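The values are calculated or read from the model by the stated rules, or taken from the named source; none is laboratory data. Keep in mind it's a predicted model, so treat the numbers as computed, not measured. Because the Cβ atoms are built from the backbone with ideal geometry, glycine has one as well, and the counts that use them run over all protein chains shown. Each accessible area value is taken on the protein alone, full model and side chains, heavy atoms only, with ligands, DNA and RNA left out. Shrake-Rupley method; radii C 1.70, N 1.55, O 1.52, S 1.80 Å.
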Amino acid sequence: MALIDDGIEALKALLSCVHSDGYFEAHAYIEEKNEAKLKKLCLSELTPGMLLLATDKGRNFDNEGRKLGRYACMSPLFKQDGKFDQNRACDAVLIRKVSAGCELFYIELKSDNPSGFAGQFKSTQAFMGYVLYLVDLFCNIKLEIKRERYIVFHTDSKNATHRGKKQKTRFSPKDANTAESPMKFCVRNNDTIRCTEFF
C-alpha cells in the first residue's frame, strides 16, 4: 500500500470522479447534458487544497468507462428501483481543505423554480461520509467535516439580469443551510461564479 500523508491526495487516489484540482486549475466548468436551461457554469478562484468532484457524471459510468444510462447508480450494490434516493447525486461537490479537516459544498444546477434537490443532496452527503471514512480507514488520515453547505444555482424564468444570492424574507443565521433549504443563487447560462461567493 502506497503511503499518502495528505487528505486531498488520498481523495484523488480513491475517487474516479475528480473533475478539477485547484492545485492545477483556477477555473472549472460544471455542465448539464440534458434539456436544462442552465447547461454550463464556471467556478473560478479554485486554489490548492480544493477538489471539484463530478458526482452526478461519475455515477453514469462503470469502471471500464461504459455509460450506464438508466442504470446510473452510486453503487452497484444498491437496488435501482427508484423507491428511495440512494442512487441520486448532486451535480458536483467542492471540497476545500482547512487546517482541522475539510469543508464540503454540495452544488446542484437547476432551471427557473428549483425543486427536487433534497434527495440528491442527502445521497451525495452520505456518499461523502463513506469516502471520508475510507480515507481514515485505508490512508490513516482523519478529514473531519468542519462545515457543509448546500448550494443551488438556478436560472430565472425571464432570463433577467438579476443575479446573485436569493435573499430570504426572514432572518436566518448564516449557518442555517440544509439539503431541504439550500443557499440559492440566480444565474444565467455560462456565468462565472467565484468560489468565495458561497464560502
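Under 8 Å between Cβ atoms, at least 6 apart or on separate chains: pull out the pairs that start in the range 48-64 with a residue that is at negative phi and end on any residue that is part of a strand (DSSP E or B) and at pLDDT below 75. These pairs meet every condition: ASN60/LYS67; PHE61/LYS67. Scoring SER99 on the criteria (1) within 27 Å of ARG188 (Cβ to Cβ); (2) polar (S, T, N, Q); (3) without any contact (Cβ under 8 Å) to a residue 12 or more places away in the chain leaves a single failure, condition (1).
Taking every residue in the range 103-118 that is crowded, with 16+ Cβ neighbours inside 10 Å and pairing it with any residue that is among the basic types (Lys, Arg) and at pLDDT below 90, at least 6 positions away or on another chain, the pairs with Cβ-Cβ distances below 8 Å are SER111/LYS37. Evaluation of PHE24 against the conditions (1) within 14 Å of the chain's Cα centre (by Cα); (2) of a type in the set (Phe, Trp, Tyr); (3) not in a strand (DSSP E or B) shows that the sole unmet condition is (1). Looking only at residues in the range 60-83 that are polar (S, T, N, Q) and modelled with pLDDT of 70 or more, the one that is farthest from the chain's Cα centre (by Cα) is GLN80. Looking only at residues in the range 28-39 that are in a strand (DSSP E or B) and open to solvent by 60 Å² or more (accessible area, probe 1.4 Å), the one that is nearest to ILE95 (Cα to Cα) is TYR29. Among the listed residues SER16, SER44, identify the single one that is of a type in the set (S, T, N, Q), surrounded by fewer than 16 Cβ atoms within 10 Å (Cβ to Cβ) and at pLDDT 95 or above. The conditions single out SER44.
Quick grid of which residues meet (1) closer than 30 Å to ASP6 by Cα; (2) of a type in the set (Asp, Glu); (3) at pLDDT below 90; (4) surrounded by 15 or more Cβ atoms within 10 Å (Cβ to Cβ):
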site: MET128; (1), (2), (3), (4): yes, no, no, yes
site: LEU134; (1), (2), (3), (4): yes, no, no, no
site: PHE138; (1), (2), (3), (4): yes, no, no, no
site: ARG147; (1), (2), (3), (4): yes, no, no, no
site: LYS168; (1), (2), (3), (4): no, no, yes, no
site: ASP191; (1), (2), (3), (4): no, yes, no, yes
